[in-house]
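Below is one structure, written out as structure tokens; comments come after it.
Taken together, the values in this text are just the output of simple stated rules run on the coordinates, not laboratory data. Bear in mind that the values here come from a model prediction, so they are computed numbers and not experimental data. Neighbour counts are summed over all protein chains in view; Cβ atoms, including those assigned to glycine, are modelled from backbone coordinates with ideal geometry.
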Amino acid sequence: MKMHGNTILVTGGGSGIGEALAQRFHDAGNTVIVAGRRKEALDAACEGRADMHALVLDVESAEGVRAFVEEALERFPALNVVVNNAGIMHYERLDRSRDLALAEAIITTNLVGPIRLIDGFVEHLVARGDGVIVNVSSGLAFVPLTGTATYSATKAAIHSYTQSLREMLRGRVEVIELAPPAVQTDLTPGQSTREGYQPLSEFADEVMAILAQDPTPEEILVERVKGFRNAEAEGTHRAILENLNRVSLKMFDELGL
């Protein structure tokens, strides 16, 4: 992936990982479009940046995604990089019956949304000849956090989908997976200051350095996530899973679930 001269769309670009990466892409000499539900957050991410633009996107709406793709390509025909970063994460108990609306929303936003966007942009990206798709999964794609089972499952699905997409588009569109570790963002309550999580700025800097490698790795793995990615191969999966379950039970107590 070239690091400058692109026109890059970043979903979930109004906060957290999306905002941090979008601003670094902009600093590197790219035109950047940030997309998400909250216009005020998107505008704040773009403030003072002449070649950074905000577009409202609701990935839960199939019609909304189609309209968004049409608008994005009409306004930015040079678009050649799509970063599927938008996602939601919630703690949920699996040991009792519950309203599944939240789980269904997580699946729609984290999995169906990226599939819809890829479907909308793929022919354009193939025709461009320099197209790139970056799908953001998670270290939890490889070892689930039991208290966020649906979120973890969607990220495992994104990992699998990305592998299939990469093979089908090989030689035509570059397909990259970015798997973050636990990062200090507002994804869940208290996460932005949680001890032991990677500071957002440190994470974003590490990601940009890996993306700049030539050739760009198919999987962008910062040091802190490699233990999760390699857990099965290294025989540590069970121990990590048990530890994450203890973390989940503690979070249930803190959140009153």
Name the pairs whose Cβ atoms lie under 9 Å apart, with the first residue in region 220-238 and free of Cβ contacts under 8 Å to residues at least 60 places away in the same chain, the second among the basic types (Lys, Arg), and 6 or more positions between them or separate chains?
Leu221/Arg229
Considering only residues that are surrounded by fewer than 22 Cβ atoms within 10 Å (Cβ to Cβ) and over 14 Å from the mean Cα position of the chain (by Cα), which ones fall in region 161-185?
Gln163, Ser164, Leu165, Arg166, Glu167, Met168, Leu169, Arg170, Gly171, Arg172, Glu174, Gln184
When (1) crowded, with 17+ Cβ neighbours inside 10 Å; (2) in contact (Cβ under 8 Å) with a residue 40 or more places away in the chain are applied to Ala105, the one that fails is (1)
Can you tell me which residue in region 132-182 is farthest from Ala20 (Cα to Cα), limited to those that are part of a helix (DSSP H, G or I) and of a type in the set (Val, Ile, Thr)?
Thr146
Here's a check for you: in region 43-69, which residue that is part of a helix (DSSP H, G or I), of a type outside the set (Val, Ile, Thr) and touching an Asp or Glu at 6+ places or on another chain (Cβ under 9 Å) is nearest to Gly120 (Cα to Cα)?
Phe68
Within region 207-224, can you find the residues that are outside any loop (DSSP other than H, G, I, E, B) and under 23 Å from Val132 (Cα atoms)?
Val207, Met208, Ala209, Ile210, Leu211, Glu219, Ile220
Considering every residue within region 226-234, establish whether at least one is surrounded by 12 or more Cβ atoms within 10 Å (Cβ to Cβ), assigned to a loop (DSSP other than H, G, I, E, B) and out of contact with any Pro (no Cβ under 8 Å at 6 or more places or on another chain).
yes
